[in-house]
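J.: What follows is a structure written as structure tokens; I'll ask about it next.
The values are calculated or read from the model by the stated rules, or taken from the named source; none is laboratory data. These figures come from a predicted structure and were not determined experimentally. Note that each Cβ is placed from the backbone with ideal geometry, even for glycine, and that neighbours are counted across all protein chains shown. Remember, those area values only see protein heavy atoms, side chains included, never the ligands or the DNA or RNA. Shrake-Rupley method; radii C 1.70, N 1.55, O 1.52, S 1.80 Å.
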Amino acid sequence: MRQNLFLFELKIFFRNTSSITAIVILLLAGFVGLYFGKTFIERQENVVQKAINLQKENTGNNYEHFGEDTGLFFYHNKFSVANTATKWAAFSNGQRDINPYLISVTMLGLEGQIYDTDIANPSSLLMGNIDLGFVFIFLFPLVIIALSYNILSSQQENGVWILLRSQTSKPHLIIWNKLLVRVLVIFATAFVLMTAALFYLNLELDLIFFSIFGLILLYLTFWFAAVFFVISFGKTSNFNASSLIGLWVGLAIVVPASLNLYLSAKYPVPEALKNVMEQRQGYHEKWDLPKNVTMEPFYKHYPQLKQYPFDEQKTFSWFWYYGMQQMGDDQALESRKAMEHKLENRQQFASVVALFFPTIQTQLSVNSLAGSDLKSHLDFQNFVRDYHEKVRLHFYPVIFQEQKVSLAEVEKFGLKHYKNPVSPLKLESVISLVLLSLILLIVGNLNFRRLFK
């Protein structure tokens, strides 16, 4: 009996043209998201490939023009570091559209260079990019609402519900079967898109794949639970549709925007400007001060460089100049640490709040698994700092001894790739989605019991 009822509901669902249309739109949106997500990452990879050749070409040109003066050569020559995108970054672009993925720096003060980025159209940044993660998180819930908001109310408004109730002692099974059909269809659609992503993005069938797929299924389950909860009050179709759309607007737009404003107010980062200003001041003011004001703290920072002679009688020397640049970075160190601390606090606060809002929770978790979140970018910046320090320490002795460096030695430091280690899915993300869904399902079931007494 139950199986027949399910098959009957399945036939009714697929006879409805609007249902088929909604599923086709979801599939098309998913394929479009896959295409644009992959195109966006490929565009970045193309830029990185060009940067590899460009760095080699520029190094050769700089060596040709300034190779006789090693200090001047390193004043001009740039070393690039690229934040290599994971394969999953095409699935969820995350913050890769607003944060630089390629940073080119000279051996001068780093803090004034590390925040340089490409000029982007503000309108394009405001609209953002569409990817498959966007389709799952923002469009799937709308289709779930459209397919399910009236599974009880339409029967009541057409006068069919009284007839159906008279035919069975378990009217709640009718609702469950209608909802189950929609759950299976939506899950099947998600499976098709994830399978397409697996092959189109050349993903691996590994723990990350199952983590993201499982997280998305839990997220979609939450929206079915929300629909079940709202329709359990037995209200009209208008009431159900308005309530569910209001919930979607709240969770997908209002809450994330409000949270962003709150975080900006609670954790302002004036240190971002202060950091750059202190770096510039720390360097420029040294021109007017005695050279020992620069060199004493420089030797304290790099005691191993004391072995190289420094002639204070010279009006200008690259030894002193690079020492001034280093002092600029050292003077900006405190504001840099303060800014990083505030950004980490922002991320931590958002992670805690997200436990109560599935849309934010799923977005943050997918971005984290895809290696395109804020933490990945901060780790990338620290990698650039480490690489910059490595280049400095390697070439400082050559500069300070006024020796000539060979082109082959410089070309050993080609474009460096940073690969972000992907963090595993956090258990609290799963627990919060499961608990919120269970609460809605339990309360909804109690409402139905009272409704069908």
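J.: Suppose we keep only residues that are touching a Leu at 6+ places or on another chain (Cβ under 9 Å) and in a helix (DSSP H, G or I) within region 284-304. Which one would you say is farthest from K337 (Cα to Cα)? Quick ask: steps written out before the conclusion?
T.: Narrowing region 284-304 to residues touching a Leu at 6+ places or on another chain (Cβ under 9 Å): 298-299, 302, 304.
If we keep only those that are in a helix (DSSP H, G or I) too, we end up with 298-299, 304.
Numbers: F298: 20, Y299: 22, Q304: 25 Å.
Among them, the one singled out is Q304.
J.: Within region 400-424, work out how many residues are of a type in the set (A, V, I, L, M, F, W, C) and closer than 23 Å to S368 by Cα. Talk me through it step by step, then tell me what you get.
T.: Filtering region 400-424 down to residues of a type in the set (A, V, I, L, M, F, W, C) leaves 400, 405, 407-408, 410, 413, 415, 422.
Next cut, closer than 23 Å to S368 by Cα only: 422.
Residues meeting the conditions: 1.
J.: For region 49-93, which residues satisfy the criterion of being in a strand (DSSP E or B), buried (at least 21 other Cβ atoms within 10 Å of the Cβ) and under 24 Å from the mean Cα position of the chain (by Cα)? Lay out the reasoning, then the answer.
T.: Just the residues of region 49-93 that are in a strand (DSSP E or B), to begin with: 79-84.
Adding the requirement that they be buried (at least 21 other Cβ atoms within 10 Å of the Cβ) leaves 79-83.
Matches in region 49-93: S80, V81, A82, N83.
J.: Okay, moving on. Would you please name the residue that is nearest to the chain's Cα centre (by Cα), looking only at residues in region 276-308 that are touching a residue at least 60 places away in the same chain (Cβ under 8 Å) and more than 15 Å from A332 (Cα to Cα)?
T.: Y302
J.: Report, by residue number, each residue of region 424-438 that is open to solvent by less than 60 Å² (accessible area, probe 1.4 Å) and either in a loop (DSSP other than H, G, I, E, B) or among the charged types (D, E, K, R) (or both).
T.: Within region 424-438, just L425 meets the criteria.
J.: What tally of residues in region 405-423 results from selecting those that are crowded, with 17+ Cβ neighbours inside 10 Å and assigned to a helix (DSSP H, G or I)?
T.: 1
J.: Moving on. When you go through L333, L378 one by one, which is the residue that is in contact with an Asp or Glu (Cβ under 8 Å, 6 or more places away or on another chain), among the aliphatic types (A, V, I, L, M) and either closer than 23 Å to P268 by Cβ or surrounded by fewer than 20 Cβ atoms within 10 Å (Cβ to Cβ) (or both)?
T.: On the way: L333 fails: in contact with an Asp or Glu (Cβ under 8 Å, 6 or more places away or on another chain).
Answer to the selection: L378.
J.: Let me ask something else about it. What number goes with the only condition from (1) closer than 30 Å to L451 by Cα; (2) in contact (Cβ under 8 Å) with a residue 60 or more places away in the chain that Y322 does not pass?
T.: (1)
J.: List pairs: first in region 24-44 and under 12 Å from S92 (Cα atoms), second in a helix (DSSP H, G or I) and open to solvent by 50 Å² or more (accessible area, probe 1.4 Å), Cβ under 7 Å, 6+ apart or cross-chain?
T.: That search, which allows pairs on different chains as well, returns G33/F134; L34/Y200; K38/Y200.
J.: I'd like the full set of residues that are open to solvent by 10 Å² or more (accessible area, probe 1.4 Å) and part of a helix (DSSP H, G or I), limited to region 351-360.
T.: Start the filter on region 351-360 by keeping residues that are open to solvent by 10 Å² or more (accessible area, probe 1.4 Å), which leaves 351-353, 355-357, 360.
Hits for region 351-360 are S351, V352, V353, I360.
J.: What about E389, is it over 17 Å from the mean Cα position of the chain (by Cα) and either over 29 Å from L289 (Cβ atoms) or not in a helix (DSSP H, G or I) (or both)? Walk me through how you get there before you give the answer.
T.: Details: over 17 Å from the mean Cα position of the chain (by Cα): yes; either over 29 Å from L289 (Cβ atoms) or not in a helix (DSSP H, G or I) (or both): no.
Considered against the rule, which asks whether it is over 17 Å from the mean Cα position of the chain (by Cα) and either over 29 Å from L289 (Cβ atoms) or not in a helix (DSSP H, G or I) (or both), E389 comes out as no.
J.: Q281 versus (1) open to solvent by 40 Å² or more (accessible area, probe 1.4 Å); (2) not in a helix (DSSP H, G or I): which is the lone unmet condition?
T.: With respect to (1) open to solvent by 40 Å² or more (accessible area, probe 1.4 Å); (2) not in a helix (DSSP H, G or I), Q281 is out only on (2).
J.: Follow-up. Residues being part of a helix (DSSP H, G or I), in contact with a helix residue (DSSP H, G or I) (Cβ under 9 Å, 6 or more places away or on another chain), of a type in the set (A, V, I, L, M) and open to solvent by 40 Å² or more (accessible area, probe 1.4 Å): count how many of those fall in region 189-207. Write out each step before concluding.
T.: To start, the set of residues in region 189-207 that are part of a helix (DSSP H, G or I) comprises 189-200, 207.
Narrowing further to those that are in contact with a helix residue (DSSP H, G or I) (Cβ under 9 Å, 6 or more places away or on another chain): 189-194, 196-198, 200.
Adding the requirement that they be of a type in the set (A, V, I, L, M) leaves 190, 192-194, 196-198.
Filter again for open to solvent by 40 Å² or more (accessible area, probe 1.4 Å), leaving 192.
Result for region 189-207: 1.
J.: What helices (runs of 4 or more DSSP H) completely inside region 94-180 contain at least 2 residues that are modelled with pLDDT of 85 or more?
T.: Values: elements: 122-127, 140-148, 153-158, 161-167.
Ranges flagged: 140-148, 153-158.
J.: Out of F228, F224, F213, F239, I need the residue that is part of a helix (DSSP H, G or I), of a type in the set (A, V, I, L, M, F, W, C) and under 24 Å from the mean Cα position of the chain (by Cα). Which one?
T.: On the way: F228 fails: under 24 Å from the mean Cα position of the chain (by Cα); F224 fails: under 24 Å from the mean Cα position of the chain (by Cα); F239 fails: under 24 Å from the mean Cα position of the chain (by Cα).
When all the criteria are applied, what remains is F213.
J.: Still on this structure, I have one more. In region 247-276, which residue that is at pLDDT below 80 and assigned to a helix (DSSP H, G or I) is surrounded by the most Cβ atoms within 10 Å (Cβ to Cβ)?
T.: N275
For every residue, the table says whether it meets (1) closer than 23 Å to L207 by Cβ; (2) surrounded by 14 or more Cβ atoms within 10 Å (Cβ to Cβ); (3) free of Cβ contacts under 8 Å to residues at least 60 places away in the same chain; (4) among the acidic types (D, E).
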{"site": "S368", "(1), (2), (3), (4)": "yes, yes, yes, no"}
{"site": "H388", "(1), (2), (3), (4)": "no, yes, no, no"}
{"site": "Q403", "(1), (2), (3), (4)": "no, no, no, no"}
{"site": "L451", "(1), (2), (3), (4)": "no, yes, no, no"}
